[in-house]
1. Could you calculate the contour length gain from Glu101 to Tyr181, that is, 0.36 nm times the residue separation minus the distance between their Cα atoms, to one decimal place in nm?
2. Among 97-103, 278-284, 430-436, how do they line up by average Cβ neighbours within 10 Å per residue, starting with the highest?
3. What whole-number value in cubic angstrom gives the convex hull volume per residue for the C-alpha atoms of the chain?
4. Which order do peptides 247-253, 160-166 fall in by mean Cβ count within 10 Å, highest first?
5. With θ taken as phi - 60° and the coefficients 6.51, -1.76 and 1.60, list the Karplus ³J(HN,Hα) couplings across segment 24-39 in order, rounded to whole Hz; mark glycine and proline as x.
6. Kindly express, to the nearest 10 degrees and within the range 0 to 90, the angle between helix 409-419's C-alpha long axis and the longest C-alpha principal axis of the chain.
7. State, as an integer percentage, the relative contact order of the chain based on alpha-carbon contacts under 8 Å between residues 6 or more apart.
8. Restricting to the chain, what percent of DSSP beta bridges are antiparallel, rounded to 5?
Amino acid sequence: MLTEPGMAAADSWRERDLKVLWHPCTQMREHPHTLPLLPIASGRGPWLIGQDGKRYLDAISSWWTNIFGHAEPRIAQAIATQALTLEHVILAGCSHPPAVELAERLLAIAPRQDGRSPLSKVFYADNGSAGVEVALKMAFHWFRNRGVDSRTKFIALENGYHGETLGALAVGDIPLYRRIYAPLLAESIFAPSPDAYLCEPGESPADRARRAAQALRELLERHADEVCALILEPRVQCAGGMRMHDPLYLKLARELCDKHGVFLIADEIAVGFGRTGTMFASEQSGVMPDLLCLSKGLTGGALPLAAVLTTQDIYDGFLDDSRERAFLHSHSYTGNPLACAAALASLSIFRDDDVIARNRITSERMRQLAAPLADHEHVADVRQAGMIVAFELSRGGDKRKGFDPAQRIGLRAYRAALERGVLLRPLGDILYWMPPYSIDEEALQLLAATTRAAIDHAVQEADACA
Ligand SMILES: *Cc1c(COP(=O)(O)O)cnc(C)c1O
């Protein structure tokens, strides 16, 4: 039950917030009446504690960043210790231990084949979109440095997402984020997604991957001399609705990139750091990218940081007597020591707690708890990749017949779940679980029960309004 003082405190925060803040990814007019605003006081493990005194299960890891739970003591301690030592220093011309050590450790765990990885250099940025910009600019600039001026485009996948800055939006294909800015964006070439949800009847996910790779082959045959890189999200198109594909696709895409001399950029900003069952999703395809973008879980969700891992060959392409050939991209907070210290603590947790092995057990439990929902009247698909489970809602469970967007089923489910103490943030009408890895049995059961209740409630409420 809500306590009176708790409710009053929450209301007062809501009021102060809406006077001064403009929230991300939000139609502000929906606050507070259509969309409740949830003031948070603190966090502990997978739980957020509201100003109202209630606890909420963070089932989406706070936008997929928080992999171990909130206020993780080892990460907090590492940040505090670093803050009392060196909080920040310019990384052009200076060096510091956390930046060097983190680069060493990232390269040591990078995707590899026969024990070796071609990735040998790390460039830091301070958020995922900025990391994507770095990778795109590097790929383009490398060809320029070789005297190749024709390769000015990128191939990206339909339904892909790479961030919100203009370069990242140009290779993204989610109309909600992209459409309005289209006149500002560089032209990209979009290849069909290997998305297994789009399988024709009788087609397997591997068949679908082969069909999408065939389309990529044709695009590359036509456009290779205009293209510097292919960018994609391995295994799961997260913002595109947690759409999953067979690892075979990345393997085929790698072969095609090699054949046409095009770089492969793996955007593992969301799927990296154990989210899909392996440390990096690319590992499931036995493939190594030329540029690997990491962020989100990199610091365990504590501080913003991105790292772009790249090959010696790309690095060497910038070495010259001329500054113009150098990669002059820079952010003031490049390689921030606090963020690097948090990332180092996070990597130690992976090792000390044997996180990947433990996640195997947790994801199996998630599979068991999600399975019964496949039979729900309005669930068209339940899919899973490691620590991500997604539920595709559709009237009568018919894949081709989504809910009328005006019914706002996802939003209704969001509100219903929040009332039951679970923070789900559906992507349209797709509900998903992407919890901190520390989620326990009690929380998992609450999550499963709440998901079912939220779907039931959302459909009933929408139908009652119709
Ligand atoms: C979130 C995300 C980004 C952008 O990262 P930000 O830190 O939000 O800018 C890029 N690519 C993928 C795949 C993402 O999920």
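1. On the way: separation 80, 0.36 × 80 = 28.80 nm, distance 3.91 nm.
So the chain would gain 24.9 nm between Glu101 and Tyr181.
2. Working: 97-103: 18.9, 278-284: 22.7, 430-436: 25.3.
Ranking the peptides 97-103, 278-284, 430-436 by packing returns 430-436, 278-284, 97-103.
3. Details: hull volume 74.7 nm³, N = 466.
Once divided by residue count, the hull of the chain is 160 Å³.
4. Details: 247-253: 23.3, 160-166: 21.3.
Highest mean packing first, the order is 247-253, 160-166.
5. x, 6, 9, 7, 4, 5, 6, 8, x, 7, 7, 10, x, 9, 10, x
6. 60 degrees
7. 19 percent.
8. Working: 32 of 48 bridges.
Around 65 percent antiparallel, to the nearest 5.
Rule-based calculations on the coordinates, nothing more; no lab input. Small disclaimer: the values here were computed from a predicted structure and weren't measured. Don't worry about glycine lacking a Cβ; one is built from the backbone with ideal geometry, like all the others, and counts go over all protein chains shown.
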